[in-house]
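What follows draws every value from the coordinates through simple rules; no lab data is involved. This is a predicted model, so every value here is computed, not measured. Methodologically, a virtual Cβ is constructed for each residue, glycine included, from the backbone with ideal geometry; neighbour enumeration extends over all protein chains shown.
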Amino acid sequence: MSISEAIAVFNKLLKTTNNKRERRIYESFLKILKNLKNKDLSERESPVLQKELSSIHLDTSSDNSKKYYKQKLTEFKAFLKDELDFTTEKHYTEIGMAYGLMFGTFIGVVYGMGMDSNLGSSVGLSMGTSMGMLFGILYGAKKDAETKKRGKVV
């Protein structure tokens with residue numbers, strides 16, 4: 001299936017649904033596909049992409065289309081990242097924020113337990129969480145900027 005055919009499938013699906021969550025999924029697919037269409041894909045990338053679009057059976061109808069297409073969107077993003085080295089906007093920022101929250105919370109709890117005051121754990125937790133998220137977002141934004149500079153954002 002070509003990119004243009006996939007865009008046509010999602011435009012058709014978008015017109016037939018009133019569900020906000022389904023619309024968001026279809027619009028995400030459309031945004032990625034339109035950006036891919038505007039990219040100058042190499043001779044290696046284009047057939048691989050068409051094969052992947054055919055293999056995920058976008059034109060198949062199912063009973064729970066929201067769940068089906070959400071899973072296919074996740075699989076397609078993973079394919080783009082692993083095989084073609086493309087990422088979506090703010091990909092690394094989201095990952096950095098999640099890891100910063102996780103590690104910042106851990107470090108804040110450990111730091112807070114070492115304090116003598118009764119408020120030590122809550123102060124350490126809040127500072128660790130906020131600092132962890134801050135550093136995670138900054139690192140992710142830096143990685144996103146590098147990826148955008150290389151032209152690998154869809």
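Give me the extension gain from Glu89 to Phe135: residue separation times 0.36 nm, minus the current Cα-Cα distance, reported in nm with one decimal. Don't skip to the end; give the middle numbers.
Details: separation 46, 0.36 × 46 = 16.56 nm, distance 1.86 nm.
So the extension gain works out to 14.7 nm.
Beyond a 24 Å Cα-Cα separation, which of these cross-linked pairs lie in this structure: Lys77/Lys152; Lys37/Lys72; Lys20/Lys67; Lys67/Lys152?
Details: Lys77/Lys152 13 Å; Lys37/Lys72 19 Å; Lys20/Lys67 13 Å; Lys67/Lys152 28 Å.
Exceeds cut-off: Lys67/Lys152.
Is the shape of region 1-107 rounded, prolate or oblate, going by the alpha carbon gyration tensor and its root eigenvalues a ≥ b ≥ c, with a/c under 1.5 for rounded and a/b larger than b/c for prolate? Write out the running numbers ahead of the final one.
On the way: a/c = 2.23, a/b = 1.31, b/c = 1.70.
Note, shape of region 1-107 comes out oblate.
List every DSSP H helix in the chain whose Cα atoms extend 18 Å or more along the helix's own long axis and whose mean Kyte-Doolittle hydropathy is at least 0.0. Before the final figure, lay out each step's value.
On the way: long enough: 3-16 (20 Å, 0.78); 20-38 (27 Å, -1.16); 65-83 (26 Å, -1.39); 91-114 (35 Å, 0.83); 120-150 (44 Å, -0.10).
For the chain, where a helix must reach 18 Å along its axis and average at least 0.0, the hits are 3-16, 91-114.
Lys51: which aspartates and glutamates have alpha carbons under 19 Å from its alpha carbon, excluding same-chain residues fewer than 8 sequence positions away?
Straight-distance partners of Lys51: Glu5, Asp40, Glu43, Asp59, Glu75, Asp82, Glu83, Asp85.
If contacts are Cα pairs under 8 angstrom and at least 6 residues apart, what is the relative contact order of region 91-150 in percent? List each step's numbers first, then the result.
On the way: 98 pairs, mean separation 29.2, N = 60.
Normalised by residue count, the contact order of region 91-150 is 49 percent.
Treat each spin label as a single point 7 Å out from the Cα along the C-beta direction, and report the Leu14 to Val110 distance in nm.
Simple spin-label model gives 4.7 nm for this pair.
Using 0.36 nm per residue, how much length does the chain from Met127 to His57 gain when fully extended, once their Cα-Cα distance is taken away?
Details: separation 70, 0.36 × 70 = 25.20 nm, distance 4.69 nm.
That works out to 20.5 nm of additional length.
How long is the gain from Glu75 to Lys142 if the chain were fully straight, where each residue apart is worth 0.36 nm and the alpha carbon distance is subtracted? Write down the numbers at each step before the final one.
Details: separation 67, 0.36 × 67 = 24.12 nm, distance 2.52 nm.
So the chain would gain 21.6 nm between Glu75 and Lys142.
Which of the GluC sites (Glu not before Pro) found in region 42-117 are loop residues per DSSP with 12 or fewer other Cβ atoms within 10 Å of their Cβ?
On the way: sites: Glu43, Glu45, Glu52, Glu75, Glu83, Glu89, Glu94; in loops: Glu43, Glu89.
Sites meeting the loop and neighbour criteria: Glu43.
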